[in-house]
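Here's the structure we're looking at; comments come further down.
The values are calculated or read from the model by the stated rules, or taken from the named source; none is laboratory data. From a predicted model like this one, the values you see are computed outputs, not experimental measurements. Backbone-built Cβ (ideal geometry, glycine too); neighbour counts: all protein chains shown. Keep in mind that these areas ignore ligands, DNA and RNA; they rest on the heavy atoms of the full protein, side chains included. Shrake-Rupley method; radii C 1.70, N 1.55, O 1.52, S 1.80 Å.
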Amino acid sequence: MRAHDSATAPTPIAVNGRTETAGAPAGPLPESSPARRAGTLQAALGVTAFSLTFPATAWGLEGFGPWSLVAVRSVLAAVIAGGCLLALRVPLPARRHWAGLAVVAAGVVVGFPLLTTLALRTSTTSHAAVVVGLLPLTTALCSALRMGTRPSRTFWAAALAGAAAVLAFTVQQSGGALTSADAYLFGALLVCAAGYTEGGRLARVMPGWQVIGWALVLCLPLTVPAAALALSYEPVRLTAHSVIGLLWVAAGSQFLGLVVWYRGMAAIGIPKASQLQLAQPLLTLVWSVLLLGEQLTPAAPLTAAAVLVCIAVTQRARG
């Protein structure tokens with residue numbers, strides 16, 4: 001952990017008439033710095049964790065209803081996060097940060113898991129993965145609107161090319177027509193992009209694990225009664241797959257993955273970190289074959305090559 005990831009909250013200081021935070025980066029670090037390389041690695045680890053979310057959700061749906069799975073995963077993740085916050089005696093965030101934490105909670109803790117879980121009732125994980133492959137471009141757009149970032153034309157051209165490749169693959173997979181589940185998935189894109197953007201902004205002034213930790217705890221008054229209600233109405237059939245799936249989406253996707261993801265975004269910037277997620281649907285396709293036995297189309301390798309080229313370009317483009 002870096003020095004500012006301590007139990008003590010970062011201290012605001014005045015710099016050139018603006019309020020900055022001691023021990024937190026004011027913006028993306030220089031390209032050649034070790035901290036930036038570490039940030040890229042952390043963001044990549046987050047993407048790897050997220051790539052397992054859809055297969056784990058499919059496993060979880062074998063034993064839980066969609067509402068139960070989403071509510072219980074959020075409660076379990078909040079217990080883990082709350083335990084860490086209590087053990088390290090982390091003080092409450094400043095009042096000015098609670099609105100941002102609410103956006104993170106609404107987008108990342110509740111909105112995205114719920115909408116994608118509902119979509120996976122009728123959609124394959126491979127189809128859902130390629131639709132959500134548009135998340136990097138959506139996040140970059142949201143960042144530009146919210147934080148005033150202005151990436152270069154090369155960056156935008158590569159990002160749009162990557163998004164086009166993902167969209168073409170999606171349409172090809174669905175036979176030329178979008179499915180009913182796509183409405184849930186496109187809604188998930190919007191709310192998750194907002195949560196990522198706000199979480200990346202907050203991760204510049206507080207440790208990333210505290211951002212998602214407080215967002216999870218903030219949702220407890222909603223998720224605890226929701227879990228109790230959903231479990232009373234939806235049947236539960238515990239199997240090895242359903243338990244493993246639930247534990248992964250709670251601990252891996254909902255907490256640990258977001259911890260390293262927000263740390264990476266704080267170090268390398270939201271637009272560039274978001275482009276690493278272009279690899280996420282391709283990783284999910286691999287997991288869908290290995291873990292779920294789904295069949296890939298011949299277009300998958302071509303899409304993989306196109307997306308990897310776009311990632312390389314966006315990571316080199318100046319913001």
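Quick check on segment 134-141. Is at least one of its residues outside any helix (DSSP H, G or I), out of contact with any strand residue (DSSP E or B) (no Cβ under 6 Å at 6 or more places or on another chain) and not hydrophobic (A, V, I, L, M, F, W, C)?
No, segment 134-141 has no match at all.
Does segment 83-97 hold any residues that are assigned to a loop (DSSP other than H, G, I, E, B), open to solvent by 50 Å² or more (accessible area, probe 1.4 Å) and not aliphatic (A, V, I, L, M), and which are they?
Arg89, Pro91
Keeping to segment 261-287, report how many residues are more than 18 Å from Leu135 (Cα to Cα) and either out of contact with any Pro (no Cβ under 9 Å at 6 or more places or on another chain) or surrounded by fewer than 24 Cβ atoms within 10 Å (Cβ to Cβ) (or both).
Result for segment 261-287: 2.
Looking at (1) in contact with a helix residue (DSSP H, G or I) (Cβ under 6 Å, 6 or more places away or on another chain); (2) more than 18 Å from Leu218 (Cβ to Cβ), find the lone condition where Leu160 falls short.
(1)
For segment 98-112, enumerate the residues that are open to solvent by 20 Å² or more (accessible area, probe 1.4 Å) and either over 18 Å from the mean Cα position of the chain (by Cα) or closer than 13 Å to Phe255 by Cβ (or both).
Correct list: Trp98, Ala99.
Among the residues of segment 53-82, which ones are out of contact with any Gly (no Cβ under 8 Å at 6 or more places or on another chain) and open to solvent by 40 Å² or more (accessible area, probe 1.4 Å)?
If the condition is that a residue be out of contact with any Gly (no Cβ under 8 Å at 6 or more places or on another chain) and open to solvent by 40 Å² or more (accessible area, probe 1.4 Å), then Trp67, Leu76, Val79, Ile80 are the ones that fit.
Provide a single number: the residues in segment 111-155 that are under 12 Å from Ala193 (Cβ atoms) and in contact (Cβ under 8 Å) with a residue 12 or more places away in the chain.
15
From the list Gly162, Gly176, which residue is on the phi > 0 side of the Ramachandran plot, at pLDDT below 85 and over 15 Å from the mean Cα position of the chain (by Cα)?
When all the criteria are applied, what remains is Gly176.
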